[in-house]
Each structure stands twice: as structure tokens, then as C-alpha cells.
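The values are calculated or read from the model by the stated rules, or taken from the named source; none is laboratory data. Note that this is a predicted model, so its numbers are computed, not measured. Ideal geometry is used to build each Cβ from the backbone, glycine not excepted, and the neighbour counts take in all protein chains shown.
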Amino acid sequence: MITGELHLIFGSNAALNDDHVDANDTPFLTTFPYLARPHVQ
């Protein structure tokens, strides 16, 4: 979804049209609240 929005903003500049986020860094939980733990550095 973000990649499509970036395409609308930057047009055909392929270097700027991708957020380079291909997957979550941690899996979602299998029980409620289903959210993964926050990323902390």
C-alpha cells in the first residue's frame, strides 16, 4: 500500500517508490491482542 502511495508522489522514479519493508521483524501473536512486541533499540 505504501509503495503505491509513494508512486503517486514520486512518479516513475523507481528508487523512491519502495519503502523496502518486505516483512515484519517479529511475528504476530496467535492470541489476543495479536500485536507483536514493540521494536526497542
Item checked: Any pair with Cβ under 7 angstrom, 6 or more apart, that starts in segment 29-40 at a residue that is assigned to a loop (DSSP other than H, G, I, E, B) and exposed (fewer than 10 other Cβ atoms within 10 Å of the Cβ) and ends at one that is at pLDDT below 80 and of a type in the set (Asp, Glu) -> 39/25
Note to self: I need every pair where a residue in segment 1-13 that is on the phi > 0 side of the Ramachandran plot and part of a loop (DSSP other than H, G, I, E, B) has its Cβ under 6 Å from the Cβ of a residue that is of a type outside the set (Phe, Trp, Tyr) and surrounded by 11 or more Cβ atoms within 10 Å (Cβ to Cβ), sequence separation at least 6 or different chains.
What the structure shows: none
Checklist line | Subset of segment 23-41 [modelled with pLDDT under 75 and either under 21 Å from residue 2 (Cβ atoms) or among the acidic types (Asp, Glu) (or both)] | finding: 39
